[in-house]
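Inspection log for the structure reproduced underneath, given as structure tokens.
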Amino acid sequence: MPELCLGRVADNKKLTETVRALTVEAEAIARRAAPGQFVHIRCGAENLLRRPISICDVSGGAVTLVVEARGAGTDWLARREPEDVLDILGPLGNGFDTGGRRILLVGGGIGVPPLLYAAKKAAGVKRAILGFQTEHRILLEEEFKNACDEVFITTDDGSAGEQGHVTAPLKRLLDRGAADAVLACGPRPMLRAVYELASQYGVPCQVSMEERMGCGIGACLVCACQTRENGQLHMRHVCKDGPVFRGEAVVW
Ligand SMILES: Cc1cc2nc3c(=O)[nH]c(=O)nc-3n(C[C@H](O)[C@H](O)[C@H](O)COP(=O)(O)OP(=O)(O)OC[C@H]3O[C@@H](n4cnc5c(N)ncnc54)[C@H](O)[C@@H]3O)c2cc1C
Ligand code: FES
């Protein structure tokens, strides 16, 4: 069962113009959190529905949440200050399977943060490919360099790292036979491209899907996602059955 906690904000650090890293003391959630899981946070009285935010990292009794201010809810959250108290439900969802000898983490934009905790928890050789629009939007590069054996950065405009999409370094690494498992989080078109490429090399790929959410606990069907398992179509809940799915199960 998820925990409902009142978490004290211990820190709010600016990562880019629109992205903040919040450290929140929430011992009951931190103790049980697995990589790829998320929390559901009440974002002020004016926003009725909680907002889902991935667990980026866990340290002692605190979780780190990386929040991009996109709309009313995440904007409210990104402006929280130390000593503010957050109403948090979690950890929710299934999370990544971080087993495997050579893990390849592939993230895009605000999909990058949940892969950091996966990198820290996985054993064996870990490589990360992190894609962003531009240099000013790069997130957590040093943290990934500390957690991984190799880190590759791509930017759409070539202002940092390799110009282009994450699929170019992904293909080179798959050509080298450098991965037994691919874990991906980011925009849906990126997830699809990563899954299709990994499947051409016979490498299993887990994808973390994003859908708008209502309850966050499998009760409202807002987050429905179609899957195909053993030839049968199913409607799954991203909040409860996901957010992580096997790439081949997703109806793209
Ligand atoms: C499992 C999961 C994990 C997530 N982890 C993070 C995270 O670690 N950090 C982070 O910043 N964001 C994360 N998100 C996305 C975040 O929940 C949404 O950006 C947020 O709910 C938008 O709420 P809002 O009130 O700020 O914006 P709204 O005013 O509700 O919407 C603003 C814009 O965001 C879009 N949007 C709303 N909800 C989603 C969604 N679920 N996915 C994609 N786009 C959406 C809307 O279409 C609109 O364009 C996650 C989403 C899911 C489902
Ligand atoms: S958000 Fe209600 S069922 Fe998933």
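Any idea which of GLN206, GLN200 is at pLDDT 95 or above and over 25 Å from LEU116 (Cβ atoms)?
Step by step, each of GLN206, GLN200 is checked, and only GLN200 is at pLDDT 95 or above and over 25 Å from LEU116 (Cβ atoms).
Just checking, which of VAL39, VAL106 is in contact with a helix residue (DSSP H, G or I) (Cβ under 8 Å, 6 or more places away or on another chain) and within 11 Å of ligand 1 (Cβ to nearest atom)?
When all the criteria are applied, what remains is VAL39.
Those residues that are closer than 27 Å to LYS145 by Cβ and surrounded by fewer than 19 Cβ atoms within 10 Å (Cβ to Cβ), I need them from segment 83-108; list them, please.
Within segment 83-108, ASP97, GLY99, ARG101, ARG102 meet the criteria.
Quick one: count up the residues across segment 200-249 that are more than 26 Å from MET1 (Cα to Cα) and within 17 Å of the chain's Cα centre (by Cα).
Number satisfying all stated conditions: 2.
Testing PHE96 on (1) in contact with a helix residue (DSSP H, G or I) (Cβ under 8 Å, 6 or more places away or on another chain); (2) among the hydrophobic types (A, V, I, L, M, F, W, C); (3) part of a strand (DSSP E or B), one condition comes back false. Which one is that?
Checking PHE96 against (1) in contact with a helix residue (DSSP H, G or I) (Cβ under 8 Å, 6 or more places away or on another chain); (2) among the hydrophobic types (A, V, I, L, M, F, W, C); (3) part of a strand (DSSP E or B), the one that fails is (3).
What are the pairs with Cβ atoms under 6 angstrom where one residue, in segment 65-81, is under 13 Å from VAL9 (Cα atoms) and the other, located anywhere, is of a type in the set (D, E, K, R) and modelled with pLDDT of 95 or more? Sequence gap at least six, or different chains.
These pairs meet every condition: ALA78/ARG20.
Against the condition at pLDDT 95 or above and surrounded by fewer than 18 Cβ atoms within 10 Å (Cβ to Cβ), how does ALA72 come out, does it pass?
Values: at pLDDT 95 or above: yes; surrounded by fewer than 18 Cβ atoms within 10 Å (Cβ to Cβ): yes.
Yes: the conditions hold for ALA72.
Quick one: PRO91 ticks every box in (1) out of contact with any Cys (no Cβ under 6 Å at 6 or more places or on another chain); (2) free of Cβ contacts under 8 Å to residues at least 40 places away in the same chain except a single one, so which number is it?
Failed condition: (2).
Residue-wise test of (1) under 14 Å from the mean Cα position of the chain (by Cα); (2) assigned to a loop (DSSP other than H, G, I, E, B).
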{"residue": "ALA10", "(1), (2)": "no, no"}
{"residue": "ALA21", "(1), (2)": "yes, no"}
{"residue": "ALA30", "(1), (2)": "no, no"}
{"residue": "GLY36", "(1), (2)": "yes, yes"}
{"residue": "CYS43", "(1), (2)": "no, yes"}
{"residue": "GLU46", "(1), (2)": "no, yes"}
{"residue": "LEU49", "(1), (2)": "no, yes"}
{"residue": "PRO52", "(1), (2)": "yes, no"}
{"residue": "VAL58", "(1), (2)": "yes, no"}
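Starting from residues that are outside any loop (DSSP other than H, G, I, E, B) and among the small types (Gly, Ala, Ser), keep the ones in segment 99-115 and report whichever is farthest from SER208 (Cα to Cα).
It comes out as GLY109.
Before we move on, is THR23 surrounded by 15 or more Cβ atoms within 10 Å (Cβ to Cβ), out of contact with any Cys (no Cβ under 9 Å at 6 or more places or on another chain), at pLDDT 95 or above and of a type in the set (S, T, N, Q)? Outline the logic, then answer.
Values: surrounded by 15 or more Cβ atoms within 10 Å (Cβ to Cβ): yes; out of contact with any Cys (no Cβ under 9 Å at 6 or more places or on another chain): yes; at pLDDT 95 or above: yes; of a type in the set (S, T, N, Q): yes.
Criteria met by THR23.
Grab the strands (runs of 3 or more DSSP E) fully contained in segment 148-236, keeping just those with 1 or more residues being within 16 Å of ligand 2 (Cβ to nearest atom) and closer than 27 Å to ILE55 by Cβ.
It comes to 205-208, 224-229.
Outside the structural domain of PRO113 (by TED's automatic domain parsing), assigned to a loop (DSSP other than H, G, I, E, B) and either under 18 Å from GLY107 (Cα atoms) or away from ligand 1 (no atom under 16 Å from the Cβ) (or both): is that true of GLY242 in this structure?
Criteria met by GLY242.
Just the residues that are within 16 Å of ligand 2 (Cβ to nearest atom) and farther than 15 Å from GLU210 by Cα, please, taken from segment 51-78.
Correct list: GLY73 only.
Give CYS148, CYS215 a once-over and let me know the one that is of a type outside the set (Val, Ile, Thr) and within 16 Å of ligand 1 (Cβ to nearest atom).
From the options CYS148, CYS215, the qualifying one is CYS215.
Looking at segment 116-147, which of its residues are in a loop (DSSP other than H, G, I, E, B) and of a type in the set (A, V, I, L, M)?
ALA122, ALA123, ILE138, LEU139, LEU140 - these are the residues of segment 116-147 that are in a loop (DSSP other than H, G, I, E, B) and of a type in the set (A, V, I, L, M).
The values are calculated or read from the model by the stated rules, or taken from the named source; none is laboratory data. Given the structure is predicted, the values throughout are model-derived calculations rather than measurements. Cβ: placed from backbone, ideal geometry, glycine included. Neighbour counts: every protein chain shown.
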